[in-house]
1. Send over the semi-axes of the stretch 79-191's equivalent ellipsoid, whole angstrom and largest first, taken as the square roots of 5 times the C-alpha gyration tensor eigenvalues.
2. Label the stretch 13-78 by shape, choosing from rounded, prolate and oblate, from the square roots a ≥ b ≥ c of the eigenvalues of the Cα gyration tensor; if a/c is under 1.5 it is rounded, and otherwise prolate applies when a/b is larger than b/c, oblate when it is not.
3. Of all DSSP beta bridges in the stretch 3-231, what percent run antiparallel (nearest 5)?
4. Using just the helices of the chain, give the 222 nm mean residue ellipticity in deg cm²/dmol: DSSP H runs with n ≥ 4 each add -39,500 (n - 2.57), and the total is spread over all residues, rounded to 500.
5. Rounded to two decimal places and with Rh computed the Kirkwood way over Cα pairs, what is Rg over Rh for the stretch 3-231?
6. Could you name the lysines whose alpha carbon sits less than 30 Å from that of Lys195, not counting residues in the same chain fewer than 8 places away?
7. Place a point 7 Å from Cα of Arg154 in the direction of its Cβ. Which residues in the stretch 84-103 have their backbone N less than 18 Å from it?
8. What's the extension gain from Arg197 to Glu176 if we count 0.36 nm per residue and subtract their Cα-Cα distance?
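Derivation of every value follows stated rules applied to the coordinates shown; laboratory data play no part. All values reported here derive from a predicted model rather than from experimental measurement. A quick note on method: Cβ atoms are made from the backbone with ideal geometry, for glycine too, and the neighbour counts reach across all protein chains shown.
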Amino acid sequence: MPTYIVTGANRGLGLEFVRQIAKDTSNTIIATARSSSTDLADVKKVASKTTHFLTCDTGSLDSIKSFVSEVKSQFSGSKIDYLINNAGINTVPEQTALSIYPSDLDEQIRVNVIGPAKTTQFLLEANLLSDSVRIVNMSSGLGSMAVSLSITPRKCATYSISKAALCALSVQQSGEVREKLKGAIVVAMDPGWVKTRMGGEGAVLEPEESIGGMLKCVHGVEEGSNGKFFTYTGEEVPW
Ligand SMILES: NC(=O)c1ccc[n+]([C@@H]2O[C@H](COP(=O)([O-])OP(=O)(O)OC[C@H]3O[C@@H](n4cnc5c(N)ncnc54)[C@H](OP(=O)(O)O)[C@@H]3O)[C@@H](O)[C@H]2O)c1
């Protein structure tokens, strides 16, 4: 029965992933949160008996390494079938291309790009990913240069740059991961504009619709999907 890792599972889209995946009690879920003091009350309400909670600060290499060691010791013998690199930040949406603070861009890159890169790398090196693992890197419409070009004025410069880098990482991983795991598929995804703390007031989609669509897409990916970028509706997004 499949095993899922969902990062940033305490709230927002991560929590909704857990809620929907937990409906099938044959699924094992490893749900992660930034720290041992993170409030897990909401996600525990929707979790199944086969949901396990671990700490992983995706902005810290030490924390990602400890998390992978913990997965190895607690789940030895099972492999991860779905890795959902969901945790992400958009802390300075007001910054434009003409007002980027280097430390803020560093932080978005550390959490939004290096986090998914190292989570994937360390799990693979620990031999914890299944040969046909599905890896979902949670990007954004703003990670598409074609979409950004169509938005005037441009939006969320540091976030957009980090999510475009995450798309590029997905393309790189789709080659490198498959060198090691012959049936692996790596995709970047755009969940749409969803009502979460990050999505904010104007968001149009309910988490249920976004994540329902994403899971349908992820469960339906095939050989030719490797290295592509999809919306929650399963349509391909132009880079
Ligand atoms: N909502 C949207 O409209 C939208 C649109 C496009 C893309 N996305 C992407 O979808 C993903 C989820 O977004 P969301 O709307 O659910 O955002 P959210 O409501 O702000 O939730 C973000 C989640 O990521 C976690 N997180 C952030 N930094 C972390 C770190 N360093 N270590 C571990 N966990 C960390 C948060 O944990 P804490 O509670 O500890 O902060 C929280 O669980 C993100 O990657 C986001 O960029 C969202």
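1. Values: eigenvalues 161, 40, 19 Å².
Output for the stretch 79-191: semi-axes of 28, 14, 10 Å.
2. Values: a/c = 2.30, a/b = 1.29, b/c = 1.78.
Cα axes put the stretch 13-78 in the oblate bin.
3. Taking every DSSP beta bridge within the stretch 3-231, about 0 percent pair in antiparallel fashion.
4. Numbers: 8 runs with 92 residues, N = 239.
Result for the chain, helices only: -12000 deg cm²/dmol.
5. Values: Rg = 16.6 Å, Rh = 17.6 Å.
On the Cα set of the stretch 3-231, Rg over Rh gives 0.94.
6. Lys23, Lys44, Lys45, Lys49, Lys118, Lys155, Lys163, Lys216, Lys228
7. Answer for this model: 90-103.
8. Working: separation 21, 0.36 × 21 = 7.56 nm, distance 3.38 nm.
That works out to 4.2 nm of additional length.
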